[in-house]
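The values are calculated or read from the model by the stated rules, or taken from the named source; none is laboratory data. Keep in mind that this is a model prediction, so the values were computed, not measured. Note: ideal-geometry Cβ built from the backbone for every residue, glycine included; neighbour counts use all protein chains shown.
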Amino acid sequence: MKQIVVKCGRSVIDAWVRHISGLLPEFEVLPFTSDRIRTDDVLYAVGWKPDALWVNAFPKIKALAGIGSGVDHIKNLSLLRADIPVLRTVSPDLAQKMTEFVSMCVLSWHRRLPEMLKANEKREWRVFDSPLASERTVGIMGYGRMGTMVSAALSALGFNVKIWSKSPRERLPYPYYYGPEQLHAFASGCDVLVCLLPLTAETEGLIDYALLRMLNQGACLINAARGSHLIEPDLLRALDEKLLSFAYLDVLSQEPMPATDPIWERDDLIITYHCAAYISAEAGAEIIAGNIRSYEKGNYSGPVYNAALGY
């Protein structure tokens, strides 16, 4: 019988195996620790943080389905056999979740909710005025599926939106910047900076002190992409110097962040536990099962990892 092997965290792997198995009964779906795995019968691997060398060991494997929209979690990705495509797990539901998350962060900062919570703690009665959304500019880094939906939502709320991406695009409804040469021009004048970029060699460490100091005084950072996009000591410096007033960090350089790390003690940022667009086993299994069915029929048209682009 044809097999699918699943590799992910031990706390959730049973759920992933159960849901994928229920949707693809023609396959035997097994956790990576199973002694029933027959190397020659494995046609698909599903994984979060799988090692490409582990995937390569299955001689007849057709594709690797990553758990999550990115591919940077795959270990030794550059060593993956050239004949094994990586099917990315994306859906409108994930983009919707990201849109809700970013909108929540932008609105809570814009309407000064973090300051209100501090005043609550001190039992202070204060007036918290804020400008109109039309007086704020939100800069969004990344204009893929998620960036497109987030931009539209924030624009509909009245915010001025501008976009930056690695490469040029045509006919965007917002001011548009691309490439490293235009990065600082893009950041200039932003009240909120939102990172939704894929993690590549070019985007790693892109959000540094030099970029943050280009934002408007007292700006807000929202990183909902990958922790490695941000140089965290540079963010803390910008916060200490009041160049930024607040930050929402859905992702960190180390996850989970040790309880002893001083970042937990700060009151000018919120850590949101990598939940911005979390994919459950049930929802993810439906996407992955659909992708595998399409791939089996030879009509898969979904996103595939492009080594040249890095995502």
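On inspection, residue 222 qualifies as crowded, with 19+ Cβ neighbours inside 10 Å, closer than 20 Å to residue 112 by Cα and either free of Cβ contacts under 8 Å to residues at least 24 places away in the same chain or of a type in the set (Val, Ile, Thr) (or both).
A quick yes/no check of all residues on (1) of a type in the set (Asp, Glu); (2) in the same structural domain as residue 220 (by TED's automatic domain parsing); (3) surrounded by fewer than 17 Cβ atoms within 10 Å (Cβ to Cβ):
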position	(1), (2), (3)
8	no, no, no
15	no, no, yes
26	yes, no, yes
51	yes, no, yes
60	no, no, yes
67	no, no, no
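Screening residue 288 with (1) surrounded by 22 or more Cβ atoms within 10 Å (Cβ to Cβ); (2) among the β-branched types (Val, Ile, Thr); (3) not assigned by TED's automatic domain parsing to the domain that holds residue 15 gives one miss only, at (3). Once segment 96-112 is narrowed to residues that are in a helix (DSSP H, G or I) and of a type in the set (D, E, K, R), the residue that is nearest to residue 191 (Cα to Cα) is 100. Is it the case, given these coordinates, that residue 93 is assigned to a loop (DSSP other than H, G, I, E, B) and not aliphatic (A, V, I, L, M)? So residue 93 does not fit the description; no.
Take segment 29-49 and flag every residue that is of a type outside the set (Lys, Arg), assigned to a loop (DSSP other than H, G, I, E, B) and either modelled with pLDDT of 95 or more or within 15 Å of residue 3 (Cα to Cα) (or both).
Within segment 29-49, 32, 33, 34, 35, 37 qualify.
Being in contact (Cβ under 8 Å) with a residue 40 or more places away in the chain and surrounded by fewer than 18 Cβ atoms within 10 Å (Cβ to Cβ), is that true of even one residue in segment 246-262?
no
Taken together, 97, 49, 62 contain a single residue that is in contact (Cβ under 8 Å) with a residue 40 or more places away in the chain and touching a His at 6+ places or on another chain (Cβ under 9 Å), which is 49. Name the single residue that is surrounded by the fewest Cβ atoms within 10 Å (Cβ to Cβ) among those in segment 148-195 being on the phi > 0 side of the Ramachandran plot and in contact (Cβ under 8 Å) with a residue 24 or more places away in the chain. Checking each candidate, the answer is 158.
Does residue 309 meet the test of being modelled with pLDDT of 95 or more, assigned to a loop (DSSP other than H, G, I, E, B) and farther than 25 Å from residue 5 by Cα? No: the conditions fail for residue 309.
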